[in-house]
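Student: One structure coming up, written as structure tokens, with questions to follow.
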């Protein structure tokens with residue numbers, strides 16, 4: 001029974017195609033030439049009949065849709081190949097950019113380290129630490145200079161006072177020596193006069 005139905009459908013399909021050919025409807029509709037596959041399938045769905053769950057389609061339309069599907073698949077496959085090539089190129093570009101970014105980041109870190117450091121006797125010292133050390137040394141030098149100045153001033157005052165005391169002592173000594181010499185001379189003279197008197201009296 002099923003086979004009989006199939007045969008009937010096939011015979012009916014052949015009859016329909018034959019009638020369509022005879023009636024001059026062999027021209028290909030523009031939808032199969034200009035429109036998209038979806039529109040072509042919609043056209044087939046709207047302009048063909050279903051017989052016992054079988055759809056009767058003109059052979060030339062079926063072949064045209066088949067050709068269009070094949071062309072579309074080929075175009076899609078070519079597009080996929082192009083996109084894969086583009087993807088590979090983009091991946092290489094991305095890898096190159098990542099490498100460049102990493103290199104730039106390393107260079108930036110090195111520049112930052114160099115900017116924030118200073119070379120002293122071949123040693124890299126952070127500028128902040130260097131500034132602290134230099135300000136500490138400068139403060140120490142200023143303090144030492146001030147202390148030295150005050151010590152020098154005090155020593156100078158001491159030297160002046162000592163020199164003054166020395167001069168006074170020297171003057172006192174000279175006066176004492178003069179007094180002593182005069183006293184000695186007087187004593188010598190007195191002694192001489194006494195001897196002379198004693199000799200004269202005898």
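We did not get these values from a lab; they are worked out from the coordinates using the rules stated. From a predicted model like this one, the values you see are computed outputs, not experimental measurements. As a convention, Cβ positions derive from the backbone with ideal geometry for all residues, glycine included, and neighbour counts pool all protein chains shown.
Student: Please work out how much length the chain gains when fully extended from residue 199 to residue 157, using 0.36 nm per residue of separation minus the C-alpha to C-alpha distance, in nm with one decimal.
Tutor: Values: separation 42, 0.36 × 42 = 15.12 nm, distance 6.17 nm.
Result for the pair: 8.9 nm of gain on full extension.
Student: A further question on this structure: Quick one: Cα centre-to-centre distance for region 31-62 and region 145-202, in angstrom?
Tutor: Cα centres, region 31-62 to region 145-202: 149 Å.
Student: OK, next. Over region 126-201, one equal point on each Cα, no solvent: what is log10 I(q)/I(0) by the Debye formula at q = 0.21, 0.26 Å⁻¹?
Tutor: The calculated log intensity ratios at q = 0.21, 0.26 Å⁻¹ are -0.93, -1.05.
Student: Return the distance in nm (one decimal) between the two label points of a simple spin-label model at residue 166 and residue 181, each offset 7 Å from Cα along Cα→Cβ.
Tutor: 2.3
Student: Compute the distance in nm between two label points, each set 7 Å from the Cα along the Cα-to-Cβ direction, one at residue 96 and one at residue 78.
Tutor: 2.7
Student: Ranked highest first by the average count of other Cβ atoms within 10 Å around their residues, in what order do 172-182, 48-58 fall? Working shown, then result.
Tutor: Working: 172-182: 10.0, 48-58: 13.5.
The peptides rank, most packed first, as 48-58, 172-182.
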